1. Net charge within 12 Å of MET92 by Cβ-Cβ distance, Lys/Arg positive one each and Asp/Glu negative one each, not counting MET92 itself?
2. Show that you can apply the helix-only estimate: for the chain, add -39,500 (n - 2.57) for every DSSP H stretch of four or more residues, divide by all residues, and state [θ] at 222 nm to the nearest 500.
3. Taking the stretch 68-149, which GluC sites (Glu not before Pro) meet the DSSP loop condition and have no more than 11 other C-beta atoms within 10 Å?
4. Run down the lysines and flag those whose C-alpha is under 24 Å from the C-alpha of LYS57, throwing out any fewer than 8 positions away in its chain.
5. Taking loop as defined by DSSP and a crowding limit of 11 other beta carbons within 10 Å, which trypsin sites (Lys or Arg not before Pro) in the stretch 17-108 fit?
6. With a point put 7 Å past each Cα toward its Cβ, work out how far GLU214 is from ASN234 in nm, to one decimal.
7. Can you tell me the convex hull volume per residue for the chain, based on C-alpha atoms, in Å³ to the nearest whole number?
8. For a paramagnetic label modelled at 7 Å from the Cα of GLU110 toward its Cβ, which residues of the stretch 149-189 fall within the zone defined by backbone nitrogen distances under 16 Å?
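Readers should treat all values here as calculations from the given coordinates under stated rules, not as data from a laboratory. This structure is a prediction, so every number in the text was calculated from the model and none was measured. Note that we place each Cβ from the backbone using ideal geometry, even for glycine, and neighbour counts take in every protein chain shown.
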Amino acid sequence: MRILAFGDIIGKAGRRCLEKHLPSLREKYESEFVIVNGENAAGGFGLTEKIFDEFTKNWGIDCVTMGNHWHDKREIYQFMEKTQKLVLPGNMSNVEEDQGMRIFTTKSGEQAAVINLHGRAFMQGDNRCIFQTVDRLLARVPDRIKVRIVDIHAEATSEKQALGWHLCGKVSLVYGTHSHVPTADERIFENKTGFVTDLGMTGGYDSVIGMKKEAAIHRMRTGEPRKFEPSMDNPWIFAISATIDEKTGNCTAIERIKLSGE
Ligand SMILES: [Fe+2]
Ligand SMILES: [Fe+2]
């Protein structure tokens, strides 16, 4: 199974980029399953039902994972009840653990389990242990489902790598999100588990992690609050394509994608 995974989609610039390039990327990489992280899709903060429907119904995205901004738009509490395509960080204190794993069936009938987790290092909230949570969630995945994907939404590169090694041989693919900056360390652990520390964002790269740079500089220089808005400048897509053997669950190829969104 070929999987196309995108990190945080940032506001309108990120969405327009994705809309424009998703069909050709899907064709080029022969992707059967597409995942995006939607936590910043609506104005940089959270996810609306309209955008979620655009992703899943109009553009055919199979799965949307989230992160610390998952409930910034309160309407998610309504539409999350209506879908099985949304995966929330299963160890967050405000998320039920079973919302952190979903099982999907692709058009060709193959199945895949997707898990979303939230880091604990340098991140807010009194959240549950990522290692114990992921072990419990994996124990609930039927044995016949070998394709298993984990989005670890975390700040610390070390925490993401530790989780990757913890899951080596237990899942097919582990990737980080949240930093909004791609890392160039895509690899396959012990010929089993595909890994990259962070996918990077899809959005305006002439920015500070996707937000207009002027506001970020002002805040850092003066300590005064200033509203953060997503940048529209110089949009790029960063993503990965991974190939997974459905029989064994092993990742056999992983490729980083970098594409100007213009
Ligand atoms: Fe984010
Ligand atoms: Fe985040």
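1. Surrounding charge for MET92 is -2.
2. Numbers: 6 runs with 57 residues, N = 262.
Helices in the chain give a 222 nm mean residue ellipticity of -6500 deg cm²/dmol.
3. Numbers: sites: GLU75, GLU81, GLU96, GLU97, GLU110; in loops: GLU75, GLU96, GLU110.
When the GluC sites (Glu not before Pro) of the stretch 68-149 are filtered for loop state and at most 11 Cβ neighbours within 10 Å, GLU96 remain.
4. LYS12, LYS20, LYS28, LYS73, LYS82, LYS85, LYS107
5. Values: sites: LYS20, ARG26, LYS28, LYS50, LYS57, LYS73, ARG74, LYS82, LYS85, ARG102, LYS107; in loops: LYS73, ARG74, LYS85, LYS107.
Of the trypsin sites (Lys or Arg not before Pro), the ones in loops of the stretch 17-108 whose Cβ has at most 11 other Cβ atoms within 10 Å are ARG74, LYS107.
6. 1.7
7. Details: hull volume 30.6 nm³, N = 262.
For the chain, the hull spanned by Cα atoms encloses 117 Å³ per residue.
8. The answer is 149-150, 171-174, whose backbone nitrogens lie closer than 16 Å to the label point.
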